[in-house]
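Written below as structure tokens is the structure these notes are about.
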Amino acid sequence: MRIRGVIFDLDGTVVETGYDWAGIRAELGTGATSILEYIESLEEPERSRKRSVLEGHEAVQTEAAVLREGVHELLGLLRGKGIAAALVTNNSRRNTDYLLGKFGLSFDCVITRESGLWKPSGAPFLEVLAKLGLEPPECCVVGDTHFDVLAALDAGIGAIFLLSEEPERFAGFPVEVYPDMFILREALADVID
């Protein structure tokens, strides 16, 4: 089946950031639980206090974020072929809108954590498919973490492309790993033609 939609991750994929996720998780005391699930499970006032800690880290990284080279070219390729581009992030709508505006980016569908749908669940990807009228085999995911992989698999999306200079991190997962957006663009050109 032909690819008719591409779902992108934001932080680490579309933009490059310097999050120390292990340090943030330790600071918050999340244990093995995802950060957003952990925070939402807390009672007030601890929930608000820990959400503020996360938002503080996010504000610093959002301000310092740089656009990954090749993003405009890849999005241009997709638009030229009539392929939908969606963005799914566990980041906030405020930070996402700021980054999209800063770098002049637009997507056909944007899902942020305010939707209540977070990776590693496949729910935000299923929401994109519903909004764009696509089936899982008609879509692929472009990300950079295990959360992207788990969410794609949970949503039944089998075409998963990751950006990483450490492909061994994803050994055993049904993914293709590329070191940069330009090489990924060449690989995607093969599946969208």
Averaged per residue, the 1.4 Å probe accessible area of the stretch 93-157, protein heavy atoms only, in Å², is roughly 41
Highest mean packing first, using Cβ neighbours within 10 angstrom, the peptides 82-90, 39-47 sort as 82-90, 39-47
On the accessible surface of the chain, probed at 1.4 Å with all protein chains in place, carbon and sulfur together account for a percent value of 52
For the stretch 1-122, the charge dipole (Cβ of Lys, Arg +1; Cβ of Asp, Glu -1; about the Cα centre) points to a positive end, and the Cα of THR112, LEU77, SER41 closest to that extreme belongs to LEU77
Rh_Kirkwood(the stretch 91-140) over Cα pairs, Å, one decimal, evaluates to 11.9
Sorted by chain and number, the residues with a modelled amide H under 5 Å from that of ILE7, at a separation of 5 or more or across chains, are ALA86, CYS140, VAL141, VAL142
Projecting the Cα atoms of GLY143, THR30, ILE7 onto the charge dipole of the chain, where Lys and Arg contribute +1 and Asp and Glu -1 at Cβ, the residue farthest towards the positive end is ILE7
Contact order relative to length for the stretch 39-109, counting C-alpha pairs under 8 Å separated by 6 or more residues, stands in percent at 30
So the pair-distance distribution of the chain, from every Cα-Cα distance in 5 Å bins, comes to percents of 1, 8, 16, 21, 22, 17, 9, 5, 2, 0, 0
Longest principal axis of the chain (C-alpha) makes with the long axis of helix 46-64 (C-alpha) an angle, in degrees to the nearest 10, of 50
Here the relative contact order (percent) of the stretch 68-193, from C-alpha pairs under 8 Å and at least 6 apart, is 21
Bounding extents of the stretch 54-98 in its principal axis frame from Cα atoms, largest first in Å, are 39, 19, 13
To the nearest 20 debye, the chain has a Cα-centred charge dipole, built from +1 on Lys and Arg Cβ and -1 on Asp and Glu Cβ, of 500
Whole-Hz Karplus couplings 3J(HN,Hα) for the stretch 149-165, θ = phi - 60° and coefficients 6.51, -1.76, 1.60, Gly and Pro as x, run 5, 4, 5, 4, 4, 5, 8, x, 8, x, 8, 10, 10, 10, 9, 6, 9
Once amide hydrogens are built 1.01 Å from N within the peptide plane, the residues lying 5 or more places from VAL110 or on another chain with amide H under 5 Å from its amide H are LEU87
Total charge of the residues flanking HIS146 in space, meaning their Cβ is under 11 Å from its Cβ, with Lys and Arg +1 and Asp and Glu -1, is 0
Note, the stretch 86-100: 3J(HN,Hα) by Karplus (6.51, -1.76, 1.60, θ = phi - 60°), whole Hz, Gly/Pro = x, goes 10, 10, 10, 9, 7, 7, 7, 5, 4, 5, 5, 4, 4, 5, 4
Taking Cα pairs closer than 8 Å and at least 6 residues apart, the relative contact order of the stretch 152-191 in percent is 36
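The values are calculated or read from the model by the stated rules, or taken from the named source; none is laboratory data. Just so we're clear, the structure is a prediction, and the values are computed from it rather than from any experiment. Virtual Cβ from ideal backbone geometry, glycine too; neighbours counted across all protein chains shown. With ligands, DNA and RNA removed, areas are computed over all heavy atoms of the protein, side chains included. Shrake-Rupley method; radii C 1.70, N 1.55, O 1.52, S 1.80 Å.
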